[in-house]
Structures are given as structure tokens and as C-alpha cells.
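Q: Please see the structure below; I have some questions.
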Amino acid sequence: MKFLLARKERMTQIFQEDGRVKAGTILKVGPVVVTQVKSTDTKDGYNAVQVGFDTQTTKRLNKPQHSKAFKVLKEYRVENPTDYTTGQELSLDAFAVGDEVRVVGTSKGKGFAGVVKRYNFRGGPRSHGQKHSERERGSSGGGPGRAGGRVAPGMKMAGRMGSERVTIKNLEIIHIDKSAGEIIISGAVPGARGSLVEVIAA
């Protein structure tokens with residue numbers, strides 16, 4: 001299993017050899033360091049690798065955390081934990097142009113949103129005496145024929161929108177710049193600029 005952690009930079013365009021242009025997202029890949037290796041032979045009971053990303057000053061951490069002075073700690077299940085050692089640095093060498101990956105990120109937070117923006121409701125009618133109901137959601141309860149005269153669980157209502165974990169599959173690596181520590185993924189990637197992104201080989 002191949003994986004990397006990166007920060008989202010911006011979007012760009014890449015011209016291919018046949019003249020076609022592809023939209024892509026530039027990701028800044030920093031050093032990803034193995035902080036712990038878990039296996040079925042230890043008390044952990046499963047095979048996994050814990051990695052750290054984006055170094056952190058120790059004054060912001062508790063003493064037990066000084067050995068793992070990273071802003072981000074992530075864990076990934078692996079088949080062969082013996083392939084990794086504590087302190088090992090994972091780089092872009094494991095990836096190549098054309099590899100298919102899935103990207104995991106946190107979508108942009110949009111705050112409290114109504115149903116028209118959040119779920120694409122059409123709103124109320126604009127005629128026949130309707131007033132101030134252009135963006136209302138309509139009835140939420142109902143008589144005895146619908147959920148026993150109560151509001152059914154899971155009904156679409158206004159609320160917080162965004163800031164959710166989003167996974168985009170079947171993306172392609174279209175460019176790698178090892179000297180700059182940048183990788184370009186085809187298409188759009190969830191999250192705002194500077195947000196954390198996980199790149200996992202499909």
C-alpha cells in the first residue's frame with residue numbers, strides 16, 4: 001500500500017504530448033516520517049503504520065509527545081509491516097506519473113445553510129399570495145399518514161454545510177516534481193488551500 005500526506009496548493013493546467021490540456025491540483029508533499037509500526041506479533045494485534053507530517057515545535061506539546069513532534073499523525077493498515085521502520089521517511093519515489101489514486105480531504109466549511117443551498121430544494125411557489133417563502137423547505141411533519149404525525153429521523157433540513165471528510169476516487173497523477181516536492185493530481189481535490197490531503201494508491 002502506497003500513501004502520502006500533502007497540503008493543497010492551487011489548481012493548474014497541464015498540456016499533454018498529444019496537445020490536450022488537463023486540469024489538475026498541485027499538492028505540496030512534505031516529509032512523511034514513520035513514527036510507529038504495529039503488527040499482529042505485538043500487543044497491538046493488527047498490521048498498521050503510523051506516520052507523522054508537518055513538524056511541530058515541542059513547546060506546544062506535552063512531554064510524552066516530544067518524540068512525535070508532528071502536527072498530523074495518521075495510521076494506515078498495511079499487509080507487510082516489516083517493510084517499514086521507525087524513523088523511515090516516505091517520499092515521492094513510490095509514485096509515478098499515470099498511477100491511479102484516491103484522495104481524501106476535508107471539504108470547505110460553508111457555515112449554516114438553508115435547504116435551497118444545502119440540498120438544492122426549489123423553494124416555495126412565487127404566486128397566489130405566497131409571501132416570504134421563496135427559500136422555505138415546506139412541511140416537515142405531517143398527519144397520521146406520515147411517520148405517525150412526527151418529524152421523521154434523517155429529514156433534510158437547514159444546518160451546517162461542508163467540513164466533511166470527502167473521498168475522490170479514480171484520480172490520476174499527471175505530473176511529479178521531486179525537486180520542488182510537488183505532485184499534480186488530475187481534477188479537483190476537496191478542501192481549501194493549505195488544507196491536509198491524503199493521497200492513497202488505488
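The values are calculated or read from the model by the stated rules, or taken from the named source; none is laboratory data. All figures in this text were calculated on a predicted structure; none of them were measured in a lab. Glycine also receives a Cβ, built like all others from the backbone with ideal geometry; neighbour counts cover every protein chain displayed. Only protein heavy atoms, including side chains, enter the accessible area calculation; ligands, DNA and RNA are left aside. Shrake-Rupley method; radii C 1.70, N 1.55, O 1.52, S 1.80 Å.
Q: Mind checking which residues of the range 149-172 are outside any loop (DSSP other than H, G, I, E, B) and of a type in the set (S, T, N, Q)?
A: Selection gives THR167, ASN170.
Q: Have a look at ASP54, ASP18, ASP44 and point out the one that is out of contact with any helix residue (DSSP H, G or I) (no Cβ under 9 Å at 6 or more places or on another chain) and modelled with pLDDT under 80.
A: Matching residue, one of ASP54, ASP18, ASP44: ASP54.
Q: Answer with yes or no whether LYS117 is open to solvent by 90 Å² or more (accessible area, probe 1.4 Å) and within 21 Å of the chain's Cα centre (by Cα).
A: For LYS117, the condition - open to solvent by 90 Å² or more (accessible area, probe 1.4 Å) and within 21 Å of the chain's Cα centre (by Cα) - is not met.
Q: Okay, next question. Please go through (1) touching a residue at least 24 places away in the same chain (Cβ under 8 Å); (2) open to solvent by 40 Å² or more (accessible area, probe 1.4 Å); (3) not aliphatic (A, V, I, L, M) for GLY181 and return the number of the only condition it doesn't satisfy.
A: Evaluating GLY181 over (1) touching a residue at least 24 places away in the same chain (Cβ under 8 Å); (2) open to solvent by 40 Å² or more (accessible area, probe 1.4 Å); (3) not aliphatic (A, V, I, L, M) leaves (2) as the failure.
Q: Another question, then. Taking the stated definitions as given, is GLY109 farther than 30 Å from ILE14 by Cβ and loosely packed, with under 15 Cβ neighbours inside 10 Å?
A: So GLY109 fails the test.
Q: Tally time: how many residues in the range 12-61 are among the hydroxyl-bearing types (Ser, Thr, Tyr) and either open to solvent by less than 50 Å² (accessible area, probe 1.4 Å) or in contact with a Leu (Cβ under 7 Å, 6 or more places away or on another chain) (or both)?
A: 4
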